[in-house]
Amino acid sequence: MSKILIFEKMNLISSNASDAPARQILLVDDDILLHKLLEEYLCQHDYHIDALQCGEEISEFLQHQQPDFILLDIMMPGKDGLHWLRWLKKYHEHIPVMLLSAKKSAQERLQGLEFGADDYLTKPFHPKELLIRIRNIMRDRPLANGRVIHKIGSSFFDPVHEHLERDNTTIKLTTQESGLLQFFCQNPGQILTRDAISLALYGNDYQPMNRSIDMTINRLRKKLDDNATTPRYLCTVWRKGYRLTLDS
């Protein structure tokens with residue numbers, strides 16, 4: 001087991017845990033210590049972990065629950081992870097799968113990706129790297145409970161629970177801020193006029209004397225850690241409106 005993982009366990013506690021329902025991850029690996037470490041680490045970042053010790057248990061589990069993500073070890077008792085990856089992609093292709101392996105074989109990694117794995121991570125690994133990879137794969141994917149998490153720069157936006165998450169910190173949004181940001185996320189890259197924004201948020205035409213839209217934009221920029229002078233994400237288009245530029 002990775003010494004890095006054990007060392008990282010010393011820094012798990014976060015005072016910014018979200019009260020939103022955790023996203024569901026299924027870990028299939030016969031390493032019990034890895035189960036405990038990842039469960040403790042990922043639960044601090046709004047994830048719930050269910051763990052199985054062999055692939056033969058996957059089918060029954062999926063009859064009762066639908067996870068948002070699967071972590072699948074290759075070397076397990078019985079049929080290996082590559083077998084179960086092919087099975088998952090045949091019967092549950094909507095669930096993203098990341099392979100885990102202690103082997104560093106390029107052939108095994110390429111084979112896994114050819115079979116449909118969304119990513120491949122070699123053991124031992126740093127848990128933060130795993131977290132980043134999971135977030136990148138799940139970006140803008142519908143979750144099992146119907147939610148969609150939007151990635152804007154280094155921030156993750158949850159419109160259902162009206163918050164951003166960045167650097168392990170939860171940043172609450174007002175209902176107006178969340179509604180406006182969701183409108184932008186539904187129309188990325190498009191110029192949204194003040195009339196369109198006002199109609200979407202308030203159901204009426206834009207009134208030039210009402211500066212609430214501009215004030216909300218400024219607050220969102222601060223919460224997104226966007227530069228007010230030269231914004232990178234919420235950009236002003238002179239005399240036209242605003243545009244959201246997504247950046248990975």
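Structure data summary
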quantity	calculated
Karplus-derived HN-Hα couplings along segment 92-99 (A = 6.51, B = -1.76, C = 1.60, θ = phi - 60°), whole Hz, x at Gly and Pro	9, 5, 6, 8, x, 10, 10, 7
For segment 150-244, size of Cβ-based charge dipole, Lys and Arg +1, Asp and Glu -1, in debye	300
C-alpha long axis of helix 32-43 to longest principal axis of the chain, angle in °	10
Amide H within-cut-off set for Leu27, under 5 Å, with H built and near neighbours excluded	Asp50, Ala51, Leu52, Leu71
Stretchable slack from Leu110 to Cys43, in nm (0.36 nm times residue separation minus alpha-carbon distance)	21.1 nm
Arg211 versus Tyr91: modelled label distance in nm, points set 7 Å from Cα along the beta carbon direction	6.1
FRET efficiency, Thr174 to Thr236 (Cβ-Cβ, R0 35 Å, nearest 0.05)	0.95
Shape call, segment 61-147: gyration tensor on alpha carbons, a/c limit 1.5	oblate
Amide H within-cut-off set for Ile171, under 5 Å, with H built and near neighbours excluded	Leu164, Glu165, Arg166
Sites Gln66 and Gln186 - FRET efficiency at Förster radius 22 Å, r taken between beta-carbons, to 0.05	0.35
R0 of 45 Å, Cβ-Cβ distance Cys54-Thr245: FRET efficiency to nearest 0.05	0.50
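Each reported figure results from applying straightforward, stated rules to the coordinates on display, with no laboratory input. What you see is a predicted model; the values in this text were computed from it and never measured. As a convention, Cβ positions derive from the backbone with ideal geometry for all residues, glycine included, and neighbour counts pool all protein chains shown.
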